[in-house]
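A.B. asks: Sending over a structure as structure tokens; questions will come in a sec.
The values are calculated or read from the model by the stated rules, or taken from the named source; none is laboratory data. Quick caveat: nothing in here was measured; it's all calculated off a predicted structure. Cβ coordinates were reconstructed from backbone atoms using ideal geometry, including for glycine residues, and neighbour counts include every protein chain displayed. Side chains included, ligands, DNA and RNA excluded: accessible areas come from the protein's heavy atoms. Shrake-Rupley method; radii C 1.70, N 1.55, O 1.52, S 1.80 Å.
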Amino acid sequence: MELLPRSPGEFGSARYWDRFFRQRGQRPFEWYGAFPELCPVLQKYVRPRDKVLVVGCGNSELSEQMYDVGMCEDIVNIDISDAVIRQMQERSGSKRPKMSYLLMNMLQMDFPDAHFQVVLDKGTLDAVLTDEEEATLAKVDKMFAEISRVLQVGGRYFCVSLAQTHVLKKAVKYFSQEGWVVRVHQVAGSGDKQQFVLPVFVYVMTKFRKIPGSAPQILEICPEEQDKPMRVESVERLVAAVKDRQHYALLCSQLSKTPCGEQVSLDLCDKESGRPRYTLHVVDSPSVKPSRDNHFAIFIIPQGRETEWLFGTEEGRRQLATSAGFRRLVTVALHREQHYEGMAGIQAELSGKVMELAPPGLPARQQVPFLSVGGDIGVRTVRHRDTSPLSGEYVVEDVKGDGTCYFRRLVFLCNRNVVQSEARLLARTPLTGQKKRRKDKKKANPAEPPAAIDKSYLCCEHHKAMVAGLCLLGGPDSVPALLAVLVVGLGGGSLPLFVHDYFSQAHVAVVEIDPSMLEVATHWFGFSQGDRMQVHISDGLDYVAKLAAEGTVLQSIPAQYDAIMFDVDSKDLTVGMSCPPPAFVEKPFLQKVKTILKPEGVFVLNLVCRDAQLKESVLATLREVFPLLYARCIEGEVNEILFCQPSPKGCQDPAELGARARALEGALRQPGRPWDSSYVLADMLQAVKIL
């Protein structure tokens, strides 16, 4: 039986619709959105005394159901198909005396002006606006003009639609330019899921008298999960908001039918601000054997721990899902700008939404567990927030790590999933020799993180590797007592601080382009300057070039260094290398670096490059300048630490390298000086390879 048209243009043909309804018979044809789904939207606006016009009524039951539930009775239905009008007149008959069916073309209606309070269109605009040809757009303009003519001021035009982009744009632009208020509702649980994957929308367009001049457009969207509409500033933003909901529906449909091969990521936004509130990753584990209770689970990542390897990488999340023993695990990251009412509040907020991501085969009424580390949502306290002209918006925050440890972090919000700098906070110790607190004194809050920085602890694995590389200096027995070290890139200052504190005779020069970072390091990360530590606010490129050109002592800074360390990020996120900026690894600049490095010195570079071709090019350039090149990959991270030496006579024996690392560690671990027992320099160099 042929019910679909041979071409979209037949949707506007009375002959096609006569044939369609004769072949279909008495069975009602609902384009999309049955009455129970549309009713919550309609009842917000339609009053019992309203005079309602339904254009392109077909044999839908919508008008009959509106009549039967008492929503309104004065309903006029029109259609261009004589067959369907006769069918509907017979079907309604004397059951609904105040409702009528008329054979009429909506492009040329016989009704007087301002005759109706409501015009209802269920799929008709979608059927007419099948393309953007000139003739089609002219027909739609005529349709809109007629609807506007017969509708009273203050009346509403309801358009039920799948909201294809060209359809939505046309309707919204036309009526908003006429001064109407446009509100788009998403219909909850809309349509036949087998027939229509996309959600159904209702455009509610309220007629106002057009004000001369440029009156502001009022455009709003009302998602299915909330009653309060959200104002948007332009037609483009409204279209984008609808597209987001359509993509989400397509994603849910796909996930409900088949396991996802690749991890799927999506943001759920705050209703009021529109900012991301939750970031979800859907992880399927086909290798997990199915059982009655292991189909689906939700894992809440504690605040501040979303950047850890287990939660912040695909491989980490895959391992988490496998170890948790669920065939589908949805990880949920919490955003720093949002407030959360504990695990129970998050569960109540997410339970309905995450069920839309349930896997195929989930048993009916299956209880889905919410999991976390230790059963809580973690602690995150924003200590400082500001904007730098060079680095953009940034935050300093304290987060609770695994166990009882707290960490202070610097995060640039342009790349919010990357921790720029991190330091461990010292645990509080009770004061001795003081009288016992009186009972009425305020006790310390155990959830309040300590403020002092643990300068003996290097949080970043790549910093540990960079420091370990200093064992390449000097001979096999010891590192020179007097060291001149240049560090480009300050961040929170933990790397130069560690070198300064543990190499007791080292003179450290730090170059930082952003003066805001010096303030952050000083006020929030315990950084300080002194006789052996100086910070120079300058572009690292200019600073090195100036030293190389002068070749003499400059402001008490030696012209040649024992060690030069680059730990500087790139602000250009379009390049596949986030550290360092490309100019820092160009051959002419690297030759200047070599000029200010002692012949037996070491140049240490933190390389973060996801572009394989670009990375190979960087390594080739480094090999051209430095005869001896070592590489140390950081497990679970993109970082690779490169140790470059200007002399080919450096250490090339792994056993000797390990012996040097142990000797250096022995020299650094002095009585009375704190040392992180997990930091073993020889281990950091165990995986080093010579390139």
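A.B. asks: Set the Förster distance to 60 Å, then compute FRET efficiency between K289 and Q152 from the Cβ-Cβ distance, nearest 0.05.
C.D. replies: 0.40
A.B. asks: Turning to a different aspect of this structure: Counting other Cβ atoms within 10 Å, which trypsin sites (Lys or Arg not before Pro) in the stretch 646-690 have at most 11 and lie in a DSSP loop?
C.D. replies: K649
A.B. asks: Using +1 at the Cβ of each Lys and Arg and -1 at the Cβ of each Asp and Glu in the chain, identify which of L657, V618, A240 lies farthest towards the dipole's positive end.
C.D. replies: Ranked along the dipole, the leading option is A240.
A.B. asks: In deg cm²/dmol, rounded to 500, what helix-only [θ] at 222 nm does the chain give when every DSSP H run of at least 4 residues adds -39500 (n - 2.57) and the total is split over its residues?
C.D. replies: Dividing the helical sum by the residues of the chain leaves -9000 deg cm²/dmol.
A.B. asks: Okay, next question. Using the Cα centre of the chain as origin and beta-carbon charges of +1 (Lys, Arg) and -1 (Asp, Glu), tell me which of C405, S176, V264 is placed farthest towards the positive end of the dipole.
C.D. replies: Going by the charge dipole, the pick is C405.
A.B. asks: So what's the angle, to the nearest 10 degrees on a 0 to 90 scale, between helix 314-324 and the longest Cα principal axis of the chain?
C.D. replies: That works out to roughly 80 degrees.
A.B. asks: Just to confirm, what accessible area per residue do you get for the stretch 642-683 at 1.4 Å probe, in whole Å²?
C.D. replies: On a per-residue basis, the stretch 642-683 sits at 51 Å².
A.B. asks: Set the Förster radius R0 to 25 Å, insert the Cβ-Cβ distance between R669 and A452 as r into 1/(1 + (r/R0)^6), and round the FRET efficiency to 0.05.
C.D. replies: Taking R0 as 25 Å, the efficiency between R669 and A452 is 0.70.
A.B. asks: Pulled fully out, how much extra length does the chain show between L250 and I537, if you take 0.36 nm times their separation in residues and subtract their Cα-Cα distance?
C.D. replies: Taking L250 through I537 to full extension adds about 98.2 nm, to one decimal.
A.B. asks: Using amide H atoms built in the peptide plane, which far-off residues or other-chain residues are under 5 Å from H115 H to H?
C.D. replies: L151, Q152
A.B. asks: Expressed as a whole percentage, what fraction of the accessible surface of the stretch 623-688 belongs to carbon and sulfur atoms when a 1.4 Å probe is rolled over the protein heavy atoms?
C.D. replies: The value for the stretch 623-688 is 49 percent carbon and sulfur by accessible area.
A.B. asks: For a quick check of your reading of the filter: which trypsin sites (Lys or Arg not before Pro) in the stretch 153-190 sit in a DSSP loop and have no more than 16 other Cβ atoms within 10 Å?
C.D. replies: Here no trypsin sites (Lys or Arg not before Pro) fit, given the DSSP loop and packing criteria.
A.B. asks: Starting from the Cα gyration tensor of the stretch 607-691, take the square roots of the eigenvalues, sort them a ≥ b ≥ c, and report rounded, prolate or oblate (rounded when a/c is under 1.5, otherwise prolate if a/b is larger than b/c, else oblate).
C.D. replies: oblate
A.B. asks: Follow-up. Two-decimal Rg/Rh of the stretch 61-151 from alpha-carbon positions, Kirkwood Rh?
C.D. replies: 0.99
A.B. asks: In the calculated pair distance distribution of the chain, what percentage of Cα-Cα distances lie above 43 Å?
C.D. replies: 46 percent
A.B. asks: Moving on to the next point. Report the Rg/Rh value for the stretch 95-216, based on alpha-carbon coordinates and the Kirkwood definition of Rh.
C.D. replies: 0.98
A.B. asks: Taking the Cα centre of the chain as origin, work out the dipole magnitude from +1 charges on Lys and Arg Cβ and -1 charges on Asp and Glu Cβ, in debye rounded to 20.
C.D. replies: For this selection, approximately 1840 debye.
A.B. asks: While we're looking at this one, here's another question. Which ³J(HN,Hα) values in Hz, rounded to whole numbers, follow from the phi angles of the stretch 669-680 under the Karplus curve 6.51 cos²θ - 1.76 cosθ + 1.60, where θ = phi - 60° and Gly and Pro get x?
C.D. replies: My calculation for the stretch 669-680 gives 8, 9, x, x, 9, x, 9, 6, 5, 7, 8, 10 Hz in order.
A.B. asks: Given R₀ = 45 Å, FRET efficiency for Q505-D267 by Cβ-Cβ distance, to 0.05?
C.D. replies: Efficiency, from the Cβ-Cβ distance: 0.30.
A.B. asks: Quick one: of the DSSP bridges fully inside the chain, what percent are antiparallel, nearest 5?
C.D. replies: 55 percent
A.B. asks: Run the numbers for R383 and R231: contour at 0.36 nm per residue of separation, minus the present Cα-Cα distance, in nm.
C.D. replies: Answer, rounded to one decimal: 51.5 nm.
A.B. asks: A follow-up question, please. With +1 assigned to the C-beta of every Lys and Arg and -1 to the C-beta of every Asp and Glu, and no other charges, what is the dipole magnitude of the stretch 577-691 about the Cα centre in debye, to the nearest 20?
C.D. replies: Its charge dipole is roughly 360 debye.
A.B. asks: By per-residue mean of other Cβ atoms within 10 Å, what is the highest-first order of 409-418, 87-96, 453-462?
C.D. replies: Top to bottom by mean Cβ count within 10 Å: 453-462, 409-418, 87-96.
A.B. asks: Which stretch or stretches of the stretch 281-295 have amide N atoms under 19 Å from the point lying 7 Å from R365's Cα along the Cα→Cβ direction?
C.D. replies: 292-295
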